Amino acid sequence: MKTAKKLTVGSMFAGIGGIDIAFIDAGFDVVWANEMDSAACRTYRHNFDGSVLEEKDIKKINKLNIPVFDVLVAGFPCQPFSVAGKQQGFKHKSGDLFFQIIEVVKIVKPKVIFLENVANLIDHNEGKTFNTMFSSLAGMNYYIRYKNMSANEYGNIPQTRNRTYIVAFNNESACEHFNFPEPMKLTLGIFDVIDRFEKKKPIYYYNEDDNFYPNIKKQVTRSDSIYRVYNSQIHIAKSHTCPTLHAFMGTDLRTVPIVKDKYGYRRLTIQEYLDFQGFPKNYSFPAGTRINEAYKQIGNSVCVPVIKRIADQIKKIMIGENNELR
């Protein structure tokens, strides 16, 4: 019997590999990845075959040496387009990295492109930013579908994390047949992730000597909820879901969501962070990783189950009834 060719993936701005996990789980094979952040690269190599990872600034990579692959995936830097930032867009120091994706596409010519970014990407700069991206892909004869999807509505993950997902095909018929996943019922609650009756490591707990403690004690009154912290203000999270996890939570640990458990007031743990992003239970950080760095890396990553569902849909389009590439 003829063995079908396995679909291959090239991963740009790979971070700690959240998108890569989703596509691997959907049956793809990652053959090349790129990331320039050394701490994220250590985490990536700790959990994946490090031989596929090229640790280097994408602007300094000879793109002619990048291997050919079927699907290009990229969770390109979101800070320039996020409502949580200054929204400098292409003017930001990392805002022009989208065009590095275009340069790779010109050379590799993947069959499919998958991109992930903040929900605000579509509306940024009155839609001009997204129109530029759309036109750049369309100008290379790619056909584009896009949709905003939240983790709690499409991934059965109790985190309010809304993101823009873009899928582009080099075949018009394939694009016409592609459908984003439908919404799904949220069956998991925050306390399927958080255990209020298990004592965590001391590093996660606030103590009375902390100058933020009086504010926490005053505002965090319920043990059946999770609290978000923004601009030193504490608010109960809506809809009993985890608030959006951000990379900046690793810069200021006081912005990490707070829960009241049997033993006191504490931040979400690193494992809870991973769980709220839908990472597999065997995912871990290399020894010596600082807690703030782990928070940053996870917050900078993706909700794996949502992307897994999209990857499944992409695979259905790319694989025919005989399990061979169309």
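The set of residues in the stretch 235-263 being part of a strand (DSSP E or B), surrounded by 18 or more Cβ atoms within 10 Å (Cβ to Cβ) and either in contact (Cβ under 8 Å) with a residue 60 or more places away in the chain or not aliphatic (A, V, I, L, M) (or both) consists of CYS242, VAL259, LYS260. Taking the stretch 271-291 as the range and being hydrophobic (A, V, I, L, M, F, W, C), in a helix (DSSP H, G or I) and surrounded by fewer than 20 Cβ atoms within 10 Å (Cβ to Cβ) as the test, only ILE291 passes. Listed by first and then second residue, the pairs linking a residue in the stretch 220-234 that is on the phi < 0 side of the Ramachandran plot and part of a strand (DSSP E or B) to a residue that is of a type in the set (Val, Ile, Thr) and surrounded by 12 or more Cβ atoms within 10 Å (Cβ to Cβ), with Cβ atoms under 6 Å apart and 6 or more places separating them unless they lie on different chains, are TYR227/VAL220; TYR227/ILE234; TYR227/ILE236; TYR227/ILE258; VAL229/THR255.
Is it true that ALA294 is modelled with pLDDT of 95 or more, surrounded by 14 or more Cβ atoms within 10 Å (Cβ to Cβ), farther than 15 Å from GLU116 by Cβ and not assigned by TED's automatic domain parsing to the domain that holds ASN152? In short, yes. Scanning the stretch 250-274 for residues that are of a type outside the set (D, E, K, R) and farther than 15 Å from THR289 by Cβ returns THR251, THR255, VAL256, PRO257, ILE258, VAL259, TYR263, GLY264, TYR265, LEU268.
Right, GLY139: without any contact (Cβ under 8 Å) to a residue 24 or more places away in the chain and not assigned by TED's automatic domain parsing to the domain that holds ARG266 or not? Yes: the conditions hold for GLY139. Within the stretch 178-219, the only residue that satisfies the criterion of being surrounded by fewer than 16 Cβ atoms within 10 Å (Cβ to Cβ), in a helix (DSSP H, G or I) and of a type in the set (Val, Ile, Thr) is ILE203. Here the condition is being at pLDDT below 95 and either part of a loop (DSSP other than H, G, I, E, B) or not basic (Lys, Arg) (or both); of ALA4, ALA33, it holds for ALA4 alone. Residue check: is ARG228 closer than 22 Å to GLY299 by Cβ and either of a type in the set (Gly, Ala, Ser) or not assigned by TED's automatic domain parsing to the domain that holds ARG266 (or both)? So ARG228 does not fit the description; no.
The values are calculated or read from the model by the stated rules, or taken from the named source; none is laboratory data. Everything numeric here is computed off the predicted structure, so don't read it as measured data. A quick note on method: Cβ atoms are made from the backbone with ideal geometry, for glycine too, and the neighbour counts reach across all protein chains shown.
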